[in-house]
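The values are calculated or read from the model by the stated rules, or taken from the named source; none is laboratory data. If you're wondering where the values come from, they're calculated on a predicted model, not measured in any experiment. Don't worry about glycine lacking a Cβ; one is built from the backbone with ideal geometry, like all the others, and counts go over all protein chains shown. Just so you know, the surface numbers come from the protein's heavy atoms only, side chains and all, with ligands and any DNA or RNA stripped out. Shrake-Rupley method; radii C 1.70, N 1.55, O 1.52, S 1.80 Å.
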Amino acid sequence: MHLMYFTEQPMSAYPEEEGRTFGATALMFSNRFFDPAAGSRLYNEYLEHYRLAEAVGFDGIMLNEHHNAPFCMQAKCNIFASILAATTKRVKIVLLGNPLPLADNPVRLAEELAMIDMVSRGRLVSGFVRGGGQEQLATGVNPAFNRERFEEAHELIVKAWTQPGPFRWEGTHYQHRVVNPWAVPLQKPHPRVWIPGVLSKETIVWAAKKRYPYIALSTAIEATKKIWELYDQVAAETGYAGGPEYRGYLQRCHVAETEEKAMENARQFMWMQGEFTGLAHPVWSTPSGYFSPSVRTAFVEYAVGRRSNPRGSAFEDQIKNQMIVAGTPKTVIPKLRRLMEETRPSILGFWGADGFVSSEDTKTCIRLMGEEVLPALREIGKELGLWSPFEANAPVSMAFREPAAPAHERAAARHAAPLEVS
Amino acid sequence: MSTIAAGWISETIPIAGVAMPVARSGDGPPLLVLHHDIGTLDRLPFYDALARRFTVLVPSHPGYDGSQRPDWIRNVRDVAAVHQWLLGELAIARAPGTVSVVGLGFGGWIAAEMATLAPRAFRRIVLVGAMGLKPDRGEIADQALVSYIDYVRLGFADQRAFDRLYGADPTTGQLEHWDLNREMTFRIAWKPYMYNPALPHLLGGVAAPTLVVWGRDDRIVPLECGERFAKALPRARLEVVEGAGHFVEMEKPDALAQLVTDFVRQGEA
């Protein structure tokens, strides 16, 4: 198992009633409601939580980013990744991830990620995402070319990481006279790439073809099973067997000393529920061209208020279908066992708290997870044979069929017993 | 266009590897009508009124109204060049200076680009609430920030006209249709949104007399853009239609048809 801690880094210190009056807490909800004094306090609390997560035994810290919305204060995951690279020792720094289409210069991203990998001494996992719908508007990037830009930027970054420069890049969206970043990643052949997602079949198929683990973001168990069915089918067609080492899952999970406290705090997961978490604006979250044509009908109806968010549902339903898990260590472990038995992931991210949950309660949650829940999950993982990509020594991709390792260790290992490279 | 009204025929003409649907009706001098960013309804009283005096040609812009979406078309000038090529394929419009054009909104921008690409191609030009120029003071309303229904409604001064044409609560099919058209608009006009900074510098070469028409209550493209078109084009005048918004041809079809007919027929042999 690879067990990660995650928070959206909510900016809970904003006047909630203003958001309700405005009707959305996204994109154009004015940043005059942002309080930098609270922001400064919260950023530092989140850093404290990450360090605690490492201390109590989590394997990874999962980071993400969003723009123009209080549900997530991280506007650039590479910044927190840089801080954690220097202030943690052991945890993997798992970016899920950098929104590639928003980058006008993917080579710059390749450099930043290489720096994080070196500073962290080879602890980077570099996930890539398309960015949410409203992110395209927040950054002025054309939603109609989102997937084209994602795929081209990915190709350019992997090439910049793995092929000695200089080379020239003449793509559809990116043109570079000279690609020759001085900084390259410590991990060879390159840092692991994991692909998170919620809904788009295209992304699942793309990840499976690349042999990148796919991280399902808080989907319902039945939906998650369908994701793995598709992934495994594409894996088989591509020439490898899918399975636990390619499966990740982000679980909202709040643990407290009592059931009552856990349930009260878990309600905060509904703090900004809409798209993922925000009080989403139906138009801004679904710009034309961003969604797959297969779900056009659902999203045009959502955009004019004819159906509820295809992603949203009530708190009680989410507790019932385990999209939210809450309780004491004793009661959450069987629920998580069920998730592990039914969907067989080897990578589990735990989104511990949201909204107004206090820093103290969040720390209690992290501590109880580390002390009581994670050891139990590791045993269940062993029993069920859920080996993470690190434990299984899985290859980084179809293109580079070997595991990632820091350059010096790899050289030493080669010296001792050469790796088989196909 | 899925269905064709009485008196209209539809043909598909291959241009640059794209199957371009063109609806045609009437007889008389050729008149090309270029539709809005929201596409067009199959039949409009405005088109029928023009068909009484002209051979009216209404092509779908590539990627609009269900037509083939070519991957390589990535800006409005590409669309303008495709339409110029189309004219060359139509016997009635082939000779330079024989065809006149009515550009509606976004179609007005395409018409202006076509005129700058081939300054002697058109006999006469009518631009109605045309996009293409950056306003000095206001902004062109950004459909990316509003729903399909709100955007189209914004273009009507009188909401009853919207209700008559689309129904007070448009069908999901209509919404999907608008979404497809919006996606194509994003593909070609996302940034800068709805204008070409080079256009004001190139309009000075357009030889054809031009009538610039604006709805007084156009909330999508500010009237100041009409003033700028009239100033930048050497042989242009501005006509403002009272009681109309951006979609003048849907709100005041008879008044606009009359303006177009009077203007285009001037100087005919």
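Ranking A:Val300, A:Pro287, A:Gly165 by how far each Cα lies toward the positive end of the dipole of chain A (charges on Cβ) leaves A:Gly165 at the top.
Here the gap between B:Arg69 and B:Leu202, fully extended at 0.36 nm per residue and compared with their Cα-Cα distance, gives a gain of 45.1 nm. For region B:65-115 and region B:229-259, what is the separation of their C-alpha centers, rounded to whole Å? Each part's Cα centre sits 20 Å from the other's.
In the context of the full set of protein chains, chain A has a per residue accessible area of 39 Å² (1.4 Å probe). Relative to the current alpha-carbon distance between A:Ser40 and A:Glu260, full extension at 0.36 nm per residue lengthens the span by 76.1 nm. Go through region B:152-189 and flag every residue whose accessible area shrinks by 30 Å² or more with all protein chains in place compared to the isolated chain (probe 1.4 Å). Going by heavy-atom accessible area, the residues of region B:152-189 that drop by at least 30 Å² are B:Thr172, B:Leu175, B:Glu176, B:Asp179, B:Glu183, B:Phe186, B:Arg187. For region B:62-162, the normalised intensity computed at q = 0.10, 0.15, 0.19, 0.21 Å⁻¹ comes to -0.35, -0.76, -1.09, -1.21 (log10 of I(q)/I(0), Debye sum over alpha carbons, equal scatterers, no solvent).
Secondary structure note: in region B:2-265, about 35% of the DSSP beta bridges are antiparallel. For chain A, the relative contact order works out to 20 percent when only alpha carbon pairs closer than 8 Å and six or more residues apart are counted.
Extent of chain A along its three principal axes (Cα atoms, max minus min coordinate, largest first): 59, 47, 44 Å.
Quick one: if the Förster radius is 30 Å, what FRET efficiency do A:Lys89 and A:Ala412 give, using the C-beta to C-beta distance and rounding to 0.05? Efficiency, from the Cβ-Cβ distance: 0.90. Protection proxy ranking for A:3-13, B:16-26, using the average of other Cβ atoms within 10 Å per residue and placing the highest first: A:3-13, B:16-26.
When DSSP beta bridges are limited to those with both residues in chain A, what percentage is antiparallel, rounded to the nearest 5? Around 15 percent antiparallel, to the nearest 5.
Of the solvent-accessible surface of region A:35-173, computed with a 1.4 Å probe and all protein chains present, 53% belongs to carbon and sulfur.
When the pairs A:Lys92/A:Lys159; A:Lys92/A:Lys335; A:Lys89/A:Lys330; A:Lys92/A:Lys201; A:Lys201/A:Lys225 are compared against a 18 Å limit on Cα-Cα distance, A:Lys92/A:Lys159; A:Lys92/A:Lys335; A:Lys89/A:Lys330; A:Lys92/A:Lys201 fall above it.
Using a simple spin-label model with pseudo-atoms 7 Å out from Cα toward Cβ, A:Asn393 and A:Ser358 lie 4.9 nm apart. Of the solvent-accessible surface of region B:2-265, computed with a 1.4 Å probe over protein heavy atoms with every protein chain present, carbon and sulfur atoms account for 51 percent. The value of relative contact order for region A:79-135, using C-alpha pairs under 8 Å at least six residues apart, is 49 percent.
The mean accessible area for residues of region B:2-265, using a 1.4 Å probe and ignoring ligands and nucleic acids, is 36 Å² per residue. Computed from the Cβ-Cβ distance with R0 of 45 Å, the FRET efficiency linking A:Asn31 to A:Lys226 stands at 0.70. Using a cutoff of 8 angstrom between alpha carbon atoms and counting only pairs six or more residues apart, the relative contact order for region B:2-265 works out to 20 percent.
Counting only other chain Cβ atoms within 10 Å of each residue's Cβ, the peptide A:138-147 averages 3. Rounded to the nearest 500, the helix-only mean residue ellipticity at 222 nm of the protein assembly as shown stands at -12000 deg cm²/dmol, with each DSSP H run of n ≥ 4 adding -39,500 (n - 2.57). Taken over the alpha carbons of chain B as equal point scatterers, the Debye sum produces base-10 log I(q)/I(0) values at 0.09, 0.13 Å⁻¹ of -0.35, -0.77.
Take each residue of peptide A:15-28, count the partner chain Cβ atoms within 10 Å of its Cβ, and average: the result is 0. When B and A come together, around 2000 square angstrom of accessible surface is lost from both chains combined, probe 1.4 Å.
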